[in-house]
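The values are calculated or read from the model by the stated rules, or taken from the named source; none is laboratory data. Computed from a prediction, not measured in an experiment: that's the story for all the values here. Cβ atoms come from the backbone with ideal geometry, glycine included; neighbour counts cover every protein chain shown.
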Amino acid sequence: MMEFERQTLFGGGTYSPMLDLASRRCVPCEGGVPPLGREEAERLRAAVQRWESDEDGKAIRRTFKFQNFKEAIAFVNAVADIAESEGHHPDITIRYQRVTLTLTTHAIGGLSENDFILAAKIDRLHGAAKPAEALDP
């Protein structure tokens, strides 16, 4: 798996590709454009390393584990707020203390940059909240 390292910037700050994706906004997609090719999707997926590609490369998914059901639901509600503000919505499966999020761009039948932007924003949310751990694939 390709790994991104933080790079030191002029002035001592750091740059991370995941943070760059998280700072971007989703662009409305009504179809008419092709989904990302496998190579481009894998390049972007490397910036959100804990997300797995599905077998046909048309979606990415990640499972999060929480201490209890209430924490899982609180996380889902926070994800819903981000999804609404971005106009891009994940498929959500809740199993007691586990939440699985699946991202795909339904209008084009595959992955778009929006999926990776939302994944990065969710990763940032999960990292800031720290109520639980993510399950490694």
Fill in the blank from the handout: Of Val33, Val99, the only residue that is aliphatic (A, V, I, L, M), touching a helix residue (DSSP H, G or I) at 6+ places or on another chain (Cβ under 7 Å), assigned to a loop (DSSP other than H, G, I, E, B) and in contact (Cβ under 8 Å) with a residue 12 or more places away in the chain is Val33
Problem - Residue count for region 106-121, restricted to those that are crowded, with 22+ Cβ neighbours inside 10 Å, among the β-branched types (Val, Ile, Thr) and under 14 Å from Gly37 (Cβ atoms) - result: 0
Problem - Filtered residues of region 87-103 (kept if surrounded by fewer than 21 Cβ atoms within 10 Å (Cβ to Cβ) and closer than 21 Å to Phe64 by Cβ) - result: His89, Asp91, Ile92, Thr93, Ile94, Arg95, Tyr96, Gln97, Arg98, Thr100, Thr102
Practice task
Kindly indicate whether any position in region 123-134 is among the acidic types (Asp, Glu), modelled with pLDDT under 90 and surrounded by fewer than 14 Cβ atoms within 10 Å (Cβ to Cβ).
Solution key: yes
Practice task
Confirm whether Arg43 is in contact with a Lys or Arg (Cβ under 6 Å, 6 or more places away or on another chain) and more than 14 Å from Lys121 (Cβ to Cβ).
Solution key: no
Exercise for the section: Might you let me know whether region 60-71 holds any residue that is free of Cβ contacts under 8 Å to residues at least 60 places away in the same chain, surrounded by 15 or more Cβ atoms within 10 Å (Cβ to Cβ) and not charged (D, E, K, R)? Expected result: yes
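For (1) assigned to a strand (DSSP E or B); (2) more than 21 Å from His89 (Cβ to Cβ); (3) of a type outside the set (A, V, I, L, M, F, W, C), each residue gets a yes or a no:
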residue	(1), (2), (3)
Glu39	no, yes, yes
Arg50	no, no, yes
Asp56	no, no, yes
Arg62	yes, no, yes
Ala72	no, no, no
Phe75	no, no, no
Ala78	no, no, no
Handout entry: Candidates Leu21, Leu9 - the one that is modelled with pLDDT under 95 and either buried (at least 18 other Cβ atoms within 10 Å of the Cβ) or touching a helix residue (DSSP H, G or I) at 6+ places or on another chain (Cβ under 9 Å) (or both)
Key = Leu21
